[in-house]
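First the structure, in the form of C-alpha cells, and then the observations on it.
The values are calculated or read from the model by the stated rules, or taken from the named source; none is laboratory data. All values reported here derive from a predicted model rather than from experimental measurement. Ideal geometry is used to build each Cβ from the backbone, glycine not excepted, and the neighbour counts take in all protein chains shown.
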C-alpha cells in the first residue's frame, strides 16, 4: 500500500474525500410519508482545527498521532415521519475515521437517543471495533431492535472513545437534533 506521508497533495486529497463523505453522510436524509423530518447537526465546533501533520520534521519518522473521528451519521432505512410515528426501528450508519498515523484497536462507538430536553434516555447501542488502520474510514451499522417512544423532537449523540494519547477530541462525537412533523 502506498504511503501518502511523503506527498502532501495525496494527503490533502484524502482529507477532501473524507470531508465530502462526511457531508454526504450528514446531509443524506430522505423525507417520505405524510410528514417531514429535519435533522440538524448541532455538534459544537472547536475554535481552531487540529494542527496538520508536520511535514517539516527533524527526523524521518513522524511522531505518533492519534485522532479518531465520527465523520457522519445516516439512517437505514431513511427516516420518515410515518416510520417514527409507528415506532419502527432504524439502524444507524456511522462513518468512523482514523485521522491519525497509528493503527487503533478496541475502539468503542456508542449512540444514545434522548428526548430533546436531554432528560429521558430512550435508546442506547454500541459497537466495539477491533482495529482501524491509520487513514481509514469504516462504515459501522448500529442496530437496536426496539424503537423509541414517539416524540416530536429527539437528540442523537454518537461518540467514539478517545484513543490513548489523542489530543483532538472535538471530532469524537456528533450531535443531531431530529424534528418530526407529522402534520398532513
* Considering only the stretch 94-109, state which residues are surrounded by fewer than 17 Cβ atoms within 10 Å (Cβ to Cβ) and over 28 Å from residue 61 (Cα atoms). => 108
* To do: Search the stretch 74-90 for residues that are more than 16 Å from residue 145 (Cα to Cα) and pair each with any residue that is in a helix (DSSP H, G or I) when their beta-carbon atoms are under 9 Å apart and the residues are at least 6 apart or on different chains.
  => 74/24; 74/25; 74/26
* Asked: Across the stretch 171-184, which residue is nearest to residue 92 (Cα to Cα) among those that are at pLDDT 95 or above and in a loop (DSSP other than H, G, I, E, B)?
  -> 172
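If a residue must be out of contact with any helix residue (DSSP H, G or I) (no Cβ under 8 Å at 6 or more places or on another chain) and either farther than 30 Å from residue 82 by Cα or assigned to a loop (DSSP other than H, G, I, E, B) (or both), how many such residues does the stretch 150-159 contain? Show your work before the answer.
Filtering the stretch 150-159 for residues out of contact with any helix residue (DSSP H, G or I) (no Cβ under 8 Å at 6 or more places or on another chain) gives 151-159.
If we keep only those that are either farther than 30 Å from residue 82 by Cα or assigned to a loop (DSSP other than H, G, I, E, B) (or both) as well, we get 151-152.
Counting residues in the stretch 150-159 that are out of contact with any helix residue (DSSP H, G or I) (no Cβ under 8 Å at 6 or more places or on another chain) and either farther than 30 Å from residue 82 by Cα or assigned to a loop (DSSP other than H, G, I, E, B) (or both) gives 2.
Does the stretch 75-90 include one or more residues that are at pLDDT 95 or above, on the phi < 0 side of the Ramachandran plot and crowded, with 20+ Cβ neighbours inside 10 Å?
No: the stretch 75-90 contains no residue that is at pLDDT 95 or above, on the phi < 0 side of the Ramachandran plot and crowded, with 20+ Cβ neighbours inside 10 Å.
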* Structure fact -> (1) modelled with pLDDT of 95 or more; (2) more than 13 Å from the chain's Cα centre (by Cα); (3) surrounded by 18 or more Cβ atoms within 10 Å (Cβ to Cβ) all hold for residue 137 apart from (2)
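Only residues that are more than 15 Å from residue 173 (Cβ to Cβ) and either part of a strand (DSSP E or B) or in contact with a strand residue (DSSP E or B) (Cβ under 7 Å, 6 or more places away or on another chain) (or both): list them for the stretch 101-124, please.
Going through the stretch 101-124, the residues more than 15 Å from residue 173 (Cβ to Cβ) turn out to be 101-106, 115-117, 119-123.
103, 104, 105, 106, 115, 116, 120, 121, 122, 123, listed by residue number.
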* Looking only at residues in the stretch 49-74 that are modelled with pLDDT under 90 and surrounded by 15 or more Cβ atoms within 10 Å (Cβ to Cβ), which one is farthest from residue 174 (Cα to Cα)? -> 53
* Asked: Within the stretch 29-43, can one find any residue that is buried (at least 16 other Cβ atoms within 10 Å of the Cβ), within 22 Å of residue 157 (Cα to Cα), at pLDDT below 85 and over 17 Å from the mean Cα position of the chain (by Cα)?
  -> yes
